[in-house]
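Okay, structure first, notes after.
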Amino acid sequence: MTASSQKRWLGFVQAHATIYDDDLVPGAKILAIGGAEQSHVNLTHPEEVFYEYLARIANHLKVLREPGEPLRMLHLGAGALTLVRWASVVFPKSTHVAVDIERELLDFVITQLPLPKNCSLETIVADARDVLHSQLDGRTFDVIIVDIFSGPEAPEHLTVPEYYSELYTALDDQGLLFVNIGDDPPLAFTDRQVAAARQNFDFVMLSSSPEMFTRRYPGNLILTAAKHRLDDSSINQCQALGPFPSEIKHSLGLDRFGKP
């Protein structure tokens, strides 16, 4: 790192990003950006995922893929690389590509929070849509995780049906797309994302706590999309694995959604 880039990096860290101990979980760290908690990692036990929405994605993957199977994973939105660390233990020999538009954030996280041994990670500094037809053009993945949405303020070009079409192209035929959707009542943004996904994928489901489906509370929902319908047994296992309480809507159960 050059002196000038180091200065920019330190300036970014001081102004925006901090990492501090989680006093309740030994060995765990919290990444905060602008004073708001953004990510949580357990360096001692990376297979443990603390944040509910990330644990939901992790639990879905444990059902829908055979643990130990090496996966090609694309993470759009790096954060503290929580699921990269988790998958390095649960799905060893997997390969990871993490994309973030903030070079300083990637440098800061990797420097301050060492990755597990034998973690195969490629980092790319780019826009989460441009990267699909530039650096990653022609590459396909078993799993794509999109963790960049923050409700209606999310960049519009990352929320439209055309983006979901490009994500579809970047997935293997048996691949899985997971999108973290943060939203507020009445979940109008979620409606738009469900509609955009259903235009492109044969199967879409939403996972969250039951209270989120009342449309009266703010929170996170996980959108899962696939090129082929998931079987009922797998869907039920995803719901049963939690985190609790857990509810999944799909097929006719999503008819209230997707009508922006």
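The values are calculated or read from the model by the stated rules, or taken from the named source; none is laboratory data. Everything numeric here is computed off the predicted structure, so don't read it as measured data. Neighbour counts run over all protein chains shown; Cβ positions are idealised from the backbone, glycine included. With ligands, DNA and RNA removed, areas are computed over all heavy atoms of the protein, side chains included. Shrake-Rupley method; radii C 1.70, N 1.55, O 1.52, S 1.80 Å.
Structural remarks
- Qualifying chymotrypsin sites (Phe, Trp or Tyr not before Pro) in the stretch 175-260, where qualification requires a DSSP coil assignment and no more than 11 other C-beta atoms within 10 Å, are lacking entirely.
- For peptides 60-71, 23-34, sequence by mean Cβ density within 10 Å, most packed first: 60-71, 23-34
- Surrounding net charge for ILE124, when Lys and Arg each add one and Asp and Glu each subtract one, Cβ distance under 14 Å: -4
- Cβ-placed point charges (K, R +1; D, E -1), dipole of the stretch 15-140 about Cα centre in debye, nearest 20: 460
- In this calculation the C-beta distance from ARG229 to PHE50 is compared with R0 = 25 Å, giving a FRET efficiency of 0.20.
- Diffusion of the stretch 123-169 by Stokes-Einstein, at 37 °C in a medium of 0.692 mPa s and with Rh set to the Kirkwood radius over alpha-carbon pairs, works out to 285 µm²/s.
- Magnitude of the charge dipole for the chain, about its Cα centre and with charges confined to Cβ atoms of Lys, Arg (+1) and Asp, Glu (-1), is about 120 debye.
- Only beta bridges with both residues in the chain are counted; by DSSP, about 55 percent of them are antiparallel.
- For ILE101, the amide hydrogen comes within under 5 Å of the amide hydrogens of ALA126, counting only partners 5 or more places away or on other chains and with H modelled in the peptide plane.
- Using the 1.4 Å probe convention, the accessible area of the stretch 60-157 works out to 44 Å² per residue with neighbouring protein chains retained.
- Computed helical MRE - 222 nm, the chain, DSSP H runs ≥ 4 contributing -39500 (n - 2.57), nearest 500: -9000 deg cm²/dmol
- Here's the picture: a label point sits 7 Å out from the Cα of SER134 along the beta-carbon direction, and within the stretch 100-114 the residues with their amide nitrogen under 17 Å of it are 100-106.
- Each other residue within a Cβ distance under 10 Å of LEU206 adds +1 if Lys or Arg and -1 if Asp or Glu, for a net charge of 0.
- The stretch 128-182 - percent of accessible surface contributed by carbon and sulfur, probe 1.4 Å: 44
- The GluC sites (Glu not before Pro) of the stretch 152-203 meeting both criteria, a DSSP state outside H, G, I, E and B (loop) and at most 11 other C-beta atoms within 10 angstrom of the site's C-beta, are GLU153.
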